[in-house]
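The structure appears right after this line, and notes come after that.
The values are calculated or read from the model by the stated rules, or taken from the named source; none is laboratory data. This structure is a prediction, so every number in the text was calculated from the model and none was measured. Cβ atoms come from the backbone with ideal geometry, glycine included; neighbour counts cover every protein chain shown. Surface areas here come from the heavy atoms of the whole protein model, side chains and all, with no ligands, DNA or RNA. Shrake-Rupley method; radii C 1.70, N 1.55, O 1.52, S 1.80 Å.
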Amino acid sequence: MKWRQTGISFFTFRMLLITMAGTLSISSLTTLANVSPVLPKVFIDTTYSAPAGNTIPVNSGGNFQAALNKAQPGDTIVLEAGATYTGNFTLPNKTSGIGWIYIISSELDKLPGPGRRINPKDASNMPKIMSGNVNAAIKADPGAHHFRFAGIEFTTTHASPEVVTYSLIDLGYAGQADISECANHITLDRCYLHGTQYGSMQRALIANSATTAVIDSYFSEIKALCLEAQCILAYNGPGPFKIHNNYLEGAGENVMFGGAASNAASMLPCDIEVTNNYFYKQKWWMNEVPRLEHLEPWQRRYCIKNLLELKAAKRVMISGNIFQNNWAQSQNGYAILFTPRGQNPACAQWIVVEDVTLENNIIKEVDHGINLLGTDDRFPMVHAKRIAMRNNLFLNLGNQLQVLSGAEDITFDHNTAFQSQRMLVSGGAPSRDFVYTNNISNIGNYGVIGTGKGQGTATLSYYFPGCDFSKNVLIGGVSSTYPANNYFPANISRAGFADYANGDYRLAAQSAYCKAGTDGADIGVDMDVIDAATNGVDGDRGFLKMNGLEP
């Protein structure tokens, strides 16, 4: 898609051309000066370009570590498809030479080509790198750089849920405090990272690194008893990061930035691209794991939290993803969290969640949608600001959006949601410069509601002083409860969708809300843009059904 070259999507480009000057609907305690997020400054180029140096074959039974030590930038290490390489291998820091070292399958030409996501059925054409203990199969030396894995399977020998594999790939280390110590320029391309059916794996990839990309890959069975498990975790590495066109199946947080202390402001994860991924949790994970009767009931379940969480991140683009399946188990069921956390007083000085763009995504079959925390309750200097949520479709959920504790410059615009409980929930300190425009939502059971305040205008006036809350279609709402300049169809049939029953959430030409937005566009999502952005993203559903993995 063209936006990946320019760093901006069609929808964002269109919105940047619009003068956001709607009429303020609520008596102002402050002057609205909402500021849009800054986009990532760097978008990683992951074009496949095979090195022209030496080829180092490592056949079944060969010494993979010796090949890693021998290879020079520009060389290619070829691992035999079908062979297993068991150990804890280290990526050395090559201090001379120019170019990348590629580690590839001998049957790479039989795998899907660059730009196409692999699938577990492709494993027969992959070599397998396996950890034989609880430690990482691949670990990077400080400063290791320019390694690209293409067509490789990574897994562990451990199958017991009571034995935790801590990670499959570990880039960087918790103690690093300067970019010179970071592993950098590491790419996972069409790789398959997975645990075992009942085994506990805490992380597939720890990316405390710089210039790191994960593309066209498949993560599955990343889960652990009583421990948060992530497909991808980064907390002490500066980025940039590219997570594009992957299947990401994790129990705790499928992807998380932050969550542990970074050691310097320069180690805050920045310039993050999360695009065209399928975030998914298997529904059987809500059940107790069998054959664990000797444990307490609460110890027999995998830790389920959310699909994506930012606790420390700056300049993030999240676009064209599908987020599916999340429920209250070890957390309250929100699918996407923007919740800054300082972890300790030292790192709290530089921890932020800011300049985040969430657009053109589908969030479905989750207990709740988005939870946004303005200020860390333990370290008040930690904050969230400049977060825009545009052109997202929410299906089959409870609460749509929760904004707590003094967030700043938050925009929720041109979204369509079919939630059963609340549109907007708030509490804690008021949030400034809040824009909620051009959205279509069910009013649900309480609509807009904040702690200790009444529904609608009472909550908006207190928790979002001076906000712009206008040109929204509030299905089932009562006009006297909400600000003027909004719309209140009695039910979904009167909202004027083209074909709601069959999942077409465009507005019909005769709908009263066509061309009625603050920008002259249809209220709600632009389905053409969402369809284009998410086309094929959930293509792995066929594999899940074929193998009986989906209920």
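Is it the case that VAL478 is exposed (fewer than 15 other Cβ atoms within 10 Å of the Cβ) and of a type in the set (Val, Ile, Thr)?
On the way: exposed (fewer than 15 other Cβ atoms within 10 Å of the Cβ): yes; of a type in the set (Val, Ile, Thr): yes.
It is true that VAL478 is exposed (fewer than 15 other Cβ atoms within 10 Å of the Cβ) and of a type in the set (Val, Ile, Thr).
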Listed by first then second residue, the pairs whose first member lies in region 501-514 and is under 17 Å from ASN486 (Cα atoms), whose partner is aliphatic (A, V, I, L, M), with beta carbons under 6 Å and at least 6 positions apart or on separate chains, are TYR513/VAL473; TYR513/LEU507; TYR513/ILE523; CYS514/LEU507
Matching residues in region 472-505 (within 29 Å of the chain's Cα centre (by Cα) and within 29 Å of LYS385 (Cβ to Cβ)) number 3
ALA251: passes all of (1) hydrophobic (A, V, I, L, M, F, W, C); (2) within 24 Å of LYS121 (Cα to Cα); (3) touching a helix residue (DSSP H, G or I) at 6+ places or on another chain (Cβ under 6 Å); (4) open to solvent by 10 Å² or more (accessible area, probe 1.4 Å) but (4)
Filtering region 15-73 down to residues that are modelled with pLDDT of 70 or more, open to solvent by less than 40 Å² (accessible area, probe 1.4 Å) and not in a loop (DSSP other than H, G, I, E, B) yields ILE56, VAL58, PHE64, ALA67, LEU68
Expected output for region 449-477 (first residue on the phi > 0 side of the Ramachandran plot and part of a loop (DSSP other than H, G, I, E, B), partner surrounded by fewer than 23 Cβ atoms within 10 Å (Cβ to Cβ) and modelled with pLDDT under 95, Cβ below 6 Å, 6+ apart or cross-chain) is GLY466/SER28; GLY466/LEU29; GLY466/THR30; GLY466/LEU32
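Look through ASN371, ASN399, ASN392 and report the one residue that is within 15 Å of the chain's Cα centre (by Cα), within 19 Å of PHE434 (Cβ to Cβ), among the polar types (S, T, N, Q) and open to solvent by 10 Å² or more (accessible area, probe 1.4 Å). Please lay out each step first, then the result.
On the way: ASN399 fails: within 15 Å of the chain's Cα centre (by Cα); ASN392 fails: open to solvent by 10 Å² or more (accessible area, probe 1.4 Å).
Within the list ASN371, ASN399, ASN392, the selection yields ASN371.
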By residue number, the members of region 157-195 that are open to solvent by 10 Å² or more (accessible area, probe 1.4 Å), among the hydroxyl-bearing types (Ser, Thr, Tyr) and assigned to a strand (DSSP E or B) are TYR192
When GLU228 is run through (1) open to solvent by 10 Å² or more (accessible area, probe 1.4 Å); (2) under 24 Å from ARG300 (Cα atoms); (3) assigned to a strand (DSSP E or B), the failure sits at (3)
Condition set small (Gly, Ala, Ser) and open to solvent by 10 Å² or more (accessible area, probe 1.4 Å), scope region 256-311, selection nearest to GLY239 (Cα to Cα): answer is SER266
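Checking the conditions here, which among PHE394, PHE418, PHE412, PHE434 is among the aromatic types (Phe, Trp, Tyr), under 17 Å from ALA458 (Cα atoms) and touching a Ser or Thr at 6+ places or on another chain (Cβ under 9 Å)?
Details: PHE394 fails: under 17 Å from ALA458 (Cα atoms); PHE418 fails: under 17 Å from ALA458 (Cα atoms); PHE412 fails: under 17 Å from ALA458 (Cα atoms).
It is PHE434.
Restricting attention to region 481-491, and to residues there that are in contact (Cβ under 8 Å) with a residue 40 or more places away in the chain and open to solvent by less than 40 Å² (accessible area, probe 1.4 Å), which single residue is nearest to ALA417 (Cα to Cα)?
Filtering region 481-491 for residues in contact (Cβ under 8 Å) with a residue 40 or more places away in the chain gives 483-486.
Going one step further and asking which of them are open to solvent by less than 40 Å² (accessible area, probe 1.4 Å), we end up with 483, 486.
Values: PRO483: 20, ASN486: 16 Å.
Checking each candidate, the answer is ASN486.
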Those residues of region 167-217 which are within 23 Å of GLY132 (Cβ to Cβ), more than 21 Å from the chain's Cα centre (by Cα) and not small (Gly, Ala, Ser) amount to TYR173, THR196, GLN197, TYR198
Residue count, region 196-211, condition within 28 Å of LEU292 (Cβ to Cβ), in contact with a Gly (Cβ under 8 Å, 6 or more places away or on another chain) and open to solvent by less than 10 Å² (accessible area, probe 1.4 Å), comes to 2
In region 359-368, anything in a strand (DSSP E or B) and open to solvent by less than 10 Å² (accessible area, probe 1.4 Å) is listed as GLU359, ILE363, VAL366
Residue pairs within 7 Å by beta carbon, gap of at least six or interchain, first lying in region 313-331 and free of Cβ contacts under 8 Å to residues at least 60 places away in the same chain and of a type in the set (A, V, I, L, M, F, W, C), second assigned to a loop (DSSP other than H, G, I, E, B) and open to solvent by 30 Å² or more (accessible area, probe 1.4 Å), listed first then second, are TRP327/ASP367; ALA328/ASP367
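Report whether or not GLU80 is in contact with a Pro (Cβ under 8 Å, 6 or more places away or on another chain) and open to solvent by 20 Å² or more (accessible area, probe 1.4 Å). Steps first, please.
Details: in contact with a Pro (Cβ under 8 Å, 6 or more places away or on another chain): yes; open to solvent by 20 Å² or more (accessible area, probe 1.4 Å): yes.
The answer is yes for GLU80.
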In region 312-324, anything farther than 18 Å from TYR235 by Cβ and assigned to a loop (DSSP other than H, G, I, E, B) is listed as GLY320, ASN321
When every residue in region 322-351 that is out of contact with any strand residue (DSSP E or B) (no Cβ under 6 Å at 6 or more places or on another chain) and within 20 Å of VAL38 (Cα to Cα) is compared, the one surrounded by the most Cβ atoms within 10 Å (Cβ to Cβ) is ILE351
When every residue in region 416-446 that is aliphatic (A, V, I, L, M) and not in a strand (DSSP E or B) is compared, the one least open to solvent (accessible area, probe 1.4 Å) is ILE443
Scanning region 373-399 residue by residue, those within 25 Å of ARG506 (Cα to Cα) and among the aromatic types (Phe, Trp, Tyr) turn out to be PHE394
Scanning region 83-131 for residues that are open to solvent by 40 Å² or more (accessible area, probe 1.4 Å) and hydrophobic (A, V, I, L, M, F, W, C) gives ILE98, TRP100
Taking the stated definitions as given, is ALA516 assigned to a loop (DSSP other than H, G, I, E, B), out of contact with any His (no Cβ under 8 Å at 6 or more places or on another chain) and open to solvent by 60 Å² or more (accessible area, probe 1.4 Å)?
no
- [ ] Kindly check whether there is at least one residue in region 132-155 that is at positive phi, buried (at least 24 other Cβ atoms within 10 Å of the Cβ), touching a helix residue (DSSP H, G or I) at 6+ places or on another chain (Cβ under 9 Å) and of a type outside the set (Ser, Thr, Tyr).
- [x] yes
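I'm trying to understand the selection: among the residues of region 361-381, which are farther than 23 Å from HIS244 by Cα and of a type outside the set (A, V, I, L, M, F, W, C)? First the steps, then the outcome.
Filtering region 361-381 for residues farther than 23 Å from HIS244 by Cα gives 367-368, 371-381.
ASP367, HIS368, ASN371, GLY374, THR375, ASP376, ASP377, ARG378, PRO380 - these are the residues of region 361-381 that are farther than 23 Å from HIS244 by Cα and of a type outside the set (A, V, I, L, M, F, W, C).
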